[in-house]
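The values are calculated or read from the model by the stated rules, or taken from the named source; none is laboratory data. Computed from a predicted structure; not experimentally measured. Here the Cβ positions follow ideal geometry from the backbone for every residue, glycine too, while neighbour counts run over all protein chains shown. Accessible surface areas use protein heavy atoms only, side chains included; no ligands, DNA or RNA. Shrake-Rupley method; radii C 1.70, N 1.55, O 1.52, S 1.80 Å.
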Amino acid sequence: MADLTTGIRSIKGIGEQRAKALEKLGIHTLRDLISWFPRKYDDRTQVRRIADLVPGETACVSAMIASPPTLHRVRKGMELVKVRAVDATGVLDVTFFNQTWLKASLQVGESYIFCGKAEGNLLHRQMTSPIVEPEGVREVTGRIVPIYPLTAGVSQRMLSRSIRQGLDACAAILPDALPDEVRLAHNLCRIGYAYENIHFPESAEALDIARRRLAFEELFLFSIGLQRLKSRRELIRTTPCKAVDMAPFYDALPFTLTSAQRRCVEETLSDMRSGGAMNRLCQGDVGSGKTMVAAAAVYFAVKNGLQAALMAPTEILAQQHYNGLAPLMEELGVRCALLTGSTAAKEKKAVSARLSAGEIDFVIGTHALISGSVEYARLGLVVTDEQHRFGVAQRAALAEKGLHPHILVMSATPIPRTLALILYGDLDVSVIDQLPPGRRPIQTYTVPGSYHQRIYAFLRKQVSQGRQAYVVCPMVEGGDQLPDERKAVTEYAKMLQTEVFPDLRVAYVHGKMKPREKDAVMMAFAGHETDILVSTTVIEVGVDVPNAAVMVVENAERFGLSQLHQLRGRVGRGGHQSYCILISDNKNEETLERLKVMTKTSDGFKIAEEDLRLRGPGDFFGERQHGLPGLRVADIGCDTRLLQEARLSALELLAHDPTLEKHPATARRVEELFQQKADAMN
Ligand code: ADP
Ligand code: MG
């Protein structure tokens, strides 16, 4: 076996068909296979006696087959195998559905372990379709069993067997990206032990040890990668910007900047004057006025003869920024352009040509601005108005292109310090901790579902006063299936339109719509062509509709606090008193506590901290897709101490070996992780 990049097909025991199935999960190489970590574990170490089974509880029991299994045809396509098993304490009747082969394979007089939910009563114990395997095999019973994320055509057993084969194939060649001295200093186990026990834990303790080691490794490598990005950028020299009279810019604004905005502007400008490359994060709550900080930086850069780009996460946001900023900037002599995916090809070409000729000073668009074939005459400043998901990758992508502009990242989400440290470890941070004056706090209420009629009446009243409203619709529970977002939204919107508001204009938008359709709906809403917009959380990412004054969130318990806060930030952007109504029938105490936080504070940072404390970061991000390279085991909310440890250790290593020449295995792994991420962007 050569190395971990070997294709899975060449692993002993994995044939063509199985390889195909695994590839559907994105598992192509040996590394992919052994890094397919369990989603959770089932502790099946306890094997009980039949008499100790409690009806309703799931348990494992060891019992001997007492009489030959019998086959019953209930109806077409439904066959049962029934078998009686016994131990010294009692009798267990087991029924299997459509597993006919068991009739032949279960042997009278042999002992098996059955694992499933006990049914029946204390006199007559039963199980239906339990997991079964011969006593002594201990593959899926009698141990802590890994439960993997699956896809159609891939079963737990098949995956765990494949991973077993993968581990056996690479046991001898598993390179350890953690230097020995680091491993020993932090009491971490060896790589082989870690992989073995993350998949097939010998015990709960072994699993903990394995998990800790792998989490540390991820955080360590991630910290190294970030730190290297940072030091590489610190080496970049730029022509220091000269001072610029900012008065014309400030005079052109319809308002005075808050002192927090001023401070951020100052910090930004001083970065650009320093002769180094700016790497700054401007963090501010929704509505704190980040756009104007960006605009000030753009004005400053352009007056220094540089080109500036503003990148938004969606087309509609790009469009909105353009509509908002271009008139102001043009008036100040800044030549502006818009460039997005839906810009017509001819126009795109023209804009590109003018950019590379230096005839445009300020371009606004989506991330196509940096990853496409767009060329700049003298790109000096890139502002990203981003969701936390992008960040690192885009910065890496820029570096890949060999461009070294000043970078200003605007974060719409207040992120707790611990997370900021890792998400933005390579950036300096400015915080806008103040809202523009005259904002009326949004009135927030938590109500049960029985209030629906009252809420609808309230919406009607608001609409009659000329306001608009968002309704974030309830999600349909779908068991194992992912909730069907499209269905939920369209049906709820239809119900509202036909049964509740036949005379009002109801529209809907969901994530399954094409970007262009989505944008059209959002534009219509922004233009007050509709009154009520039913949606999923796609509206979370900020289109500015100052006339929207009500945000209703159904099933509010399903959302993280930070997400609710983002949603609430969609209203209260104009001069009108705004309202946020959180509907929930959930009686769970934790849920109530969580929702109460929303009614008590509008401070995004406080909410983010609470969110992290109450739910952990997986939920903090809505899903586990934080888009950070290589974090599969580490949980950046719960593992904060480990994160600090790993980060310090990474800094220490780099202090002694800045180029990692003495640690080639570490260097290679870091590069792989960050490279993959940059590739995924292009
Ligand atoms: P965010 O930080 O969420 O991006 P925006 O930049 O969109 O916030 O600003 C929110 C609203 O506040 C905008 O309508 C903007 O014009 C307005 N605004 C920004 N700064 C000020 C200020 N200093 N005084 C009054 N209004 C402001
Ligand atoms: Mg914004």
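Would you work out which of CYS170, THR128, VAL145 lies farthest towards the positive end of the dipole of region 88-234? Charges go on Cβ: Lys and Arg +1, Asp and Glu -1.
Highest projection toward the positive end goes to CYS170.
Where does helix 485-495 land angle-wise versus the long Cα axis of the chain, in degrees 0 to 90, nearest 10?
Long axis of 485-495 versus the principal axis of the chain: about 70 degrees.
How large is ³J(HN,Hα) for each residue in region 87-95, as worked out from phi by the Karplus curve 6.51 cos²θ - 1.76 cosθ + 1.60 (θ = phi - 60°), to whole Hz, x for Gly and Pro?
Calculated HN-Hα couplings, in order: 9, 5, 9, x, 10, 10, 9, 10, 10 Hz.
Pull out a ≥ b ≥ c, the square roots of the eigenvalues of the alpha-carbon gyration tensor of region 287-345, then state rounded if a/c is under 1.5, prolate if not and a/b is larger than b/c, and oblate in the remaining case. Walk me through the numbers on the way to the answer.
Values: a/c = 1.85, a/b = 1.29, b/c = 1.44.
Oblate, since a/c reaches 1.5 and b/c is not below a/b.
How would SER35, SER352, SER464 rank on accessible area, largest to smallest, probe 1.4 Å?
SER464, SER352, SER35
Arranged from highest to lowest average of other beta-carbon atoms within 10 Å per residue, in what order do the peptides 554-565, 104-115 appear? Could you put the intermediate results ahead of the total?
Values: 554-565: 22.8, 104-115: 15.9.
Listed from highest to lowest mean packing, they are 554-565, 104-115.
Restricting to DSSP H runs of at least four residues, report the calculated mean residue ellipticity at 222 nm for the chain, -39500 (n - 2.57) per run over all residues, nearest 500 deg cm²/dmol. Walk me through the intermediate numbers first.
Values: 24 runs with 270 residues, N = 682.
Calculated mean residue ellipticity at 222 nm is -12000 deg cm²/dmol.
Accessible area of the chain with a 1.4 Å probe: how many percent of it is carbon plus sulfur? It would help to have the intermediate numbers written out before the result.
Details: 15890 of 31000 Å².
Looking at the chain in its full context, I get 51 percent from C and S.
As I understand it, the value is the acute angle between the Cα axis of helix 664-681 and the longest principal axis of the Cα atoms of the chain; what does it come to in degrees, rounded to 10?
70 degrees
Taking H placed 1.01 Å from N in the peptide plane, check which residues at least 5 places from GLN468 or on another chain put their amide H under 5 Å from its amide H.
Amide H neighbours of GLN468: ALA548, ALA549, VAL550.
Enumerate the calculated ³J(HN,Hα) couplings along region 314-320 in order (Karplus 6.51 cos²θ - 1.76 cosθ + 1.60, θ = phi - 60°), each rounded to whole Hz, writing x wherever the residue is Gly or Pro.
9, 4, 5, 5, 4, 4, 5
Give the residue list of trypsin sites (Lys or Arg not before Pro) in region 28-63 that are DSSP loop and have at most 14 other beta-carbon atoms within 10 angstrom. Walk me through the intermediate numbers first.
On the way: sites: ARG31, ARG39, LYS40, ARG44, ARG48, ARG49; in loops: ARG39, ARG44, ARG49.
Counting only loop positions with at most 14 other Cβ atoms within 10 Å, the trypsin sites (Lys or Arg not before Pro) in region 28-63 are ARG39, ARG49.
Just check region 225-374 against the gyration tensor rule for me: Cα atoms, a ≥ b ≥ c as the square roots of the eigenvalues, rounded for a/c under 1.5, and otherwise prolate or oblate depending on whether a/b exceeds b/c.
Numbers: a/c = 1.44, a/b = 1.14, b/c = 1.26.
Since a/c stays below 1.5, the shape of region 225-374 is classed as rounded.
Using a 1.4 Å probe, how large is the accessible area of TYR456, given in Å² and rounded to the nearest 10?
Counting only protein heavy atoms, the figure is 20 Å².
Collect residues whose amide H, placed 1.01 Å from N in the peptide plane, falls under 5 Å from the amide H of VAL409; neighbours closer than 5 in sequence don't count.
Those qualifying (amide H under 5 Å, at least 5 residues apart or on another chain) are ARG280, LEU281, CYS282, THR384.
Suppose R0 equals 51 Å. What FRET efficiency, 1/(1 + (r/R0)^6) with r the Cβ-Cβ distance, do ASP428 and ASP585 give to the nearest 0.05?
On the way: r = 45 Å, r/R0 = 0.89.
For ASP428 and ASP585, the calculated efficiency is 0.65.
Which of the residue pairs LYS20/LYS40; LYS20/LYS512; LYS512/LYS606; LYS40/LYS117; LYS76/LYS103; LYS242/LYS290 have a Cα-Cα distance greater than 21 Å in the structure shown? Kindly include the intermediate steps, with their values, before the conclusion.
Values: LYS20/LYS40 24 Å; LYS20/LYS512 28 Å; LYS512/LYS606 32 Å; LYS40/LYS117 19 Å; LYS76/LYS103 18 Å; LYS242/LYS290 23 Å.
Over 21 Å apart, Cα to Cα: LYS20/LYS40; LYS20/LYS512; LYS512/LYS606; LYS242/LYS290.
For the chain, just list the percent of Cα-Cα distances falling in each 10 Å bin from zero outward, please.
Percent of pairs per bin, in order: 3, 12, 19, 21, 20, 14, 7, 3, 1, 0.
Starting from the Cα of LYS487, draw a straight line to each of the aspartates and glutamates and keep only those under 17 Å, dropping any in the same chain fewer than 8 residues away.
Straight-distance partners of LYS487: GLU477, GLU517, GLU554.
Over the chain, with the other protein chains present, what is the accessible area per residue in square angstrom, probe 1.4 angstrom? The partial results should precede the final answer.
On the way: 31000 Å² over 682 residues.
For the chain, the solvent-accessible area averages 45 Å² per residue.
Peptides 271-283, 652-664: what's the order by average Cβ count within 10 Å, highest mean first? Let's see the in-between values first.
Details: 271-283: 20.5, 652-664: 13.3.
In descending order of packing, they fall as 271-283, 652-664.
Treating the beta-carbon of each Lys and Arg as +1 and of each Asp and Glu as -1, no other charges, what is the dipole magnitude of the chain about its Cα centre, to the nearest 20 debye?
On the way: 84 positive and 80 negative charges, 189 e Å.
About 900 debye.
Mind checking the angle between helix 290-303 and the chain's longest principal axis? C-alpha axes, 0 to 90 degrees, to the nearest 10.
50 degrees
Want the number for ASP176 to THR29: 0.36 nm per residue separation, take away the alpha-carbon distance, what's left? Working shown, then result.
On the way: separation 147, 0.36 × 147 = 52.92 nm, distance 1.75 nm.
That works out to 51.2 nm of additional length.
Stretched out fully, how many nm does the piece from ARG440 to LEU123 gain, at 0.36 nm a residue minus the Cα gap? Before the final figure, lay out the partial values.
Details: separation 317, 0.36 × 317 = 114.12 nm, distance 6.65 nm.
Result for the pair: 107.5 nm of gain on full extension.
Can you give the percent of C-alpha pairs in region 162-246 whose distance is more than 18 Å? The partial results should precede the final answer.
Working: 2085 of 3570 pairs.
Summing the P(r) tail past 18 Å for region 162-246 gives 58 percent.
Identify, among ILE198, PHE222, TYR250, the residue whose Cα sits farthest towards the positive end of the charge dipole of region 197-253, taking +1 on the Cβ of Lys and Arg and -1 on the Cβ of Asp and Glu, with the dipole about the Cα centre.
Looking along the dipole axis, the top candidate is TYR250.
Give me the extension gain from ASN323 to GLU593: residue separation times 0.36 nm, minus the current Cα-Cα distance, reported in nm with one decimal. Mind dumping the intermediate values first?
Numbers: separation 270, 0.36 × 270 = 97.20 nm, distance 4.06 nm.
Value of the extension gain: 93.1 nm.
Of LYS230, LYS461, which has the most accessible area and how do the rest follow, probe 1.4 Å?
From most accessible down to least: LYS461, LYS230.
Need one number: nm distance between label points at ARG516 and ASP544, each 7 Å from Cα along Cα→Cβ, rounded to one decimal.
Label-label distance for ARG516 and ASP544, simple model: 2.7 nm.
If ASP32, ASP3 are ordered by their accessible area, calculated over protein heavy atoms with a 1.4 Å probe, which sequence runs from highest to lowest?
Values: ASP32 40, ASP3 70 Å².
Largest accessible area first, the residues go ASP3, ASP32.
Enter the accessible area of LYS606 (Å², nearest 10), with the probe set to 1.4 Å and all protein chains included.
Spelled out: LYS606, probe radius 1.4 Å, area about 120 Å².
Sticking with the crude label model, points 7 Å out along Cα→Cβ, report the distance from THR239 to ARG486 in nm, one decimal please.
Here the answer is 5.3 nm between the modelled labels.
Magnitude of the Cβ-charge dipole of region 38-83, K/R +1 and D/E -1, about the Cα centre, nearest 20 debye? Provide the component values of the computation, followed by the final result.
Values: 9 positive and 5 negative charges, 57 e Å.
Computed about the Cα centre, the dipole is about 280 debye.
Amide H neighbours of ASN555 under 5 Å, at least 5 residues apart or on other chains, H built in the peptide plane: list them.
For ASN555, whose amide H was placed from the backbone, the distant partners under 5 Å are ILE583.
Could you state how much accessible area ARG594 has, in square angstrom rounded to the nearest 10, with a 1.4 Å probe and all protein chains kept in place?
Here the residue's solvent-accessible area equals roughly 20 Å².
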